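Structure, as structure tokens:
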Amino acid sequence: MEKSIESIWKEGFLKSDALVAPKINNLYSQKSIHIIDKFKRMFKINLIAIVAFSFVFLIVSFFVGIPITGVMFFATLSVLVFINKKLLNGLDKIDKGVSSYQYLKTFNEWIKKQIAINKKISTFLYPIIFISMVLGFWFKDAEGMPLGERLVNEILIGFPDIYLIYGIPLIGIVIALLILVLLAFFGGRIYKWDLNIVYGRVFKKLEELMTDIESLRS
């Protein structure tokens, strides 16, 4: 009685001396390498896009009068790219000569490490971006006067008794701090949401492949 393809695959994973094992292992190894190579290409393109965007934004910020925002934005994203470039280099250390299952497990561990690090970074990334926007527009020149100072003067006309701290309305400081706390708290979730949009399909294929291999090994 002929064996089913599932039993052949299972035998191939369980018996290293099975004739079909090299072919099946090679098939899954090729799929594993394909998924990881696709992720690496997407990851590199994403990093290049971040660098290009931050550089363009830096130039534009000087033209629109918010250089503080541009410089802080560029510096923050440069650090982000530097850290992730180092993480990406770690993928090259994965031995492609091991079994497809071990190859995927190692890659999956790298993914978890990469996500954990970027989640922590995101708790600072989004607040810093917000601060850079606030400072940029606050010190933007508005007819010979910083825009923030001009806005405060306008507020004082309507609310002369408003409480100020170093020339800034207390209510404004409270709102800004609240936004910073919320961005820090939800930073990791925002990052994972963005991650799933960009790499969701790749992660799904990776999960399906690992499930297939584990089911054949069981």
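Derivation of every value follows stated rules applied to the coordinates shown; laboratory data play no part. Worth saying up front: this structure is predicted, and the values here are computed from it rather than measured.
Can you pick out the pairs among Lys93/Lys204; Lys86/Lys205; Lys120/Lys205; Lys44/Lys140; Lys105/Lys192; Lys113/Lys140 whose Cα atoms lie more than 32 Å from each other?
Numbers: Lys93/Lys204 23 Å; Lys86/Lys205 25 Å; Lys120/Lys205 26 Å; Lys44/Lys140 35 Å; Lys105/Lys192 21 Å; Lys113/Lys140 40 Å.
Result: Lys44/Lys140; Lys113/Lys140 exceed 32 Å.
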Give me a comma-separated list of calculated 3J(HN,Hα) values for the range 66-78, in order, Karplus coefficients 6.51, -1.76, 1.60 applied at θ = phi - 60°, integers in Hz, x for any Gly or Pro. 10, x, 4, 4, x, 5, 5, 4, 5, 5, 5, 5, 5
